[in-house]
Amino acid sequence: MRAASTPDHPVKPRASAGASRHIGWLLRLQVVVAGAVLVAGGSVLVLSGSASTRPSEVSAAAGSPSEQASADAAPTGPAGSQFPAYAAVARTASVPVLDAPDGMRITNLANPLPSGAPLTFLIRARLPGWVQVQLPTRPNGSVGWVHASDVSLRGLHYALDIEQSTHQLTLLRDGHPLRIFPAATGTGQTPTPNGKFYLRELLRPINSGYGPYAYGLSGHSTVLRSFDGGDGEIGLHGTSDTNSIGRSTSHGCIRLHNTDITYLAHLLPLGTPITIHT
């Protein structure tokens with residue numbers, strides 16, 4: 001595996017042509033960033049400025065994103081892990097996904113995504129020469145195996161937890177809660193799906209209705225097979241409707257105050273796990 005000498009930072013917004021149609025809840029918006037990129041090597045540009053936030057403090061302030069270190073040689077799993085979770089970033093233009101090591105091919109996934117963000121997975125297990133990854137496809141929670149040589153591994157300190165009954169998003173570092181953010185979730189007719197997902201890409205919509213930043217998640221609506229031309233992929237984004245925060249009002253996406261999503265966009269790399277439960 002290729003080791004990275006540069007930390008994995010969220011990166012400076014860059015132009016991305018024709019990327020407005022692959023996510024339904026961003027249809028008709030011009031996407032101008034494919035950020036929070038986990039870089040396999042070389043330099044990265046850090047988002048400038050600081051984000052003011054309104055989350056509840058739980059403990060010490062969150063650590064720097066520079067601590068998202070390379071983990072190419074690190075084991076995964078509960079025993080002996082150096083990080084609570086690991087992401088796998090594609091190194092090739094197309095990644096074959098198999099149903100088992102040396103098994104049948106399920107699909108090929110293109111890299112990068114239409115937005116320009118790198119194809120990123122959340123790692124579930126490892127075997128010599130192979131990595132089991134969670135797939136950003138239907139049905140939710142699907143997994144497959146990829147060749148270890150096709151991806152670079154990155155350790156992840158941070159995680160997110162959404163409790164829908166209280167409309168709260170908790171930011172965790174190494175399993176310990178750091179901050180709590182008020183959130184809006186889906187309605188009874190268009191619920192936010194429960195499950196374990198991860199941050200797949202970071203977009204910067206021009207339309208202020210979605211706030212300054214929007215993460216695309218690996219999960220999909222269990223009710224909407226399509227939405228505004230997309231495939232019902234759920235997102236984590238800001239909003240111009242501050243009165244919706246703390247309520248069940250969305251089509252399945254998770255909404256935060258704009259200052260809060262800005263804080264997270266400066267902090268969380270792609271692959272960060274997010275657990276959603278009632």
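Where a number appears in this text, it was derived from the coordinates with a stated rule and is not lab data. Computed from a predicted structure; not experimentally measured. In this analysis, Cβ positions are derived from the backbone assuming ideal geometry, glycine residues included, and neighbour counts consider all displayed protein chains.
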(request) Provide the gained length on full extension for the span N108 to T278, in nm with one decimal, where the gain is 0.36 nm per separating residue minus the Cα-Cα distance. (result) 57.9 nm
(request) Grab every C-alpha pair in region 102-248, bin the distances at 5 angstrom width from 0 up to the longest one, and report whole percents. (result) 2, 8, 15, 21, 21, 16, 10, 5, 2, 0, 0
(request) Show the residues, 5+ positions off or on another chain, whose built amide H is closer than 5 Å to the amide H of L113. (result) L119
(message) Quick check: Cα centre of region 101-127 to Cα centre of region 241-278, how many Å?
(response) 25 Å
(message) Let me spell out the model: positive unit charges on the Cβ of Lys and Arg, negative unit charges on the Cβ of Asp and Glu, origin at the Cα centre of region 72-156. What dipole size does that give, in debye rounded to 20?
(response) 140 debye
(message) Considering just Cα atoms, how many Å³ per residue does the convex hull of region 72-156 enclose?
(response) 96 Å³
(message) Cβ neighbours within 10 Å, averaged per peptide: list 82-95, 148-161 in order, most packed at the top.
(response) 148-161, 82-95
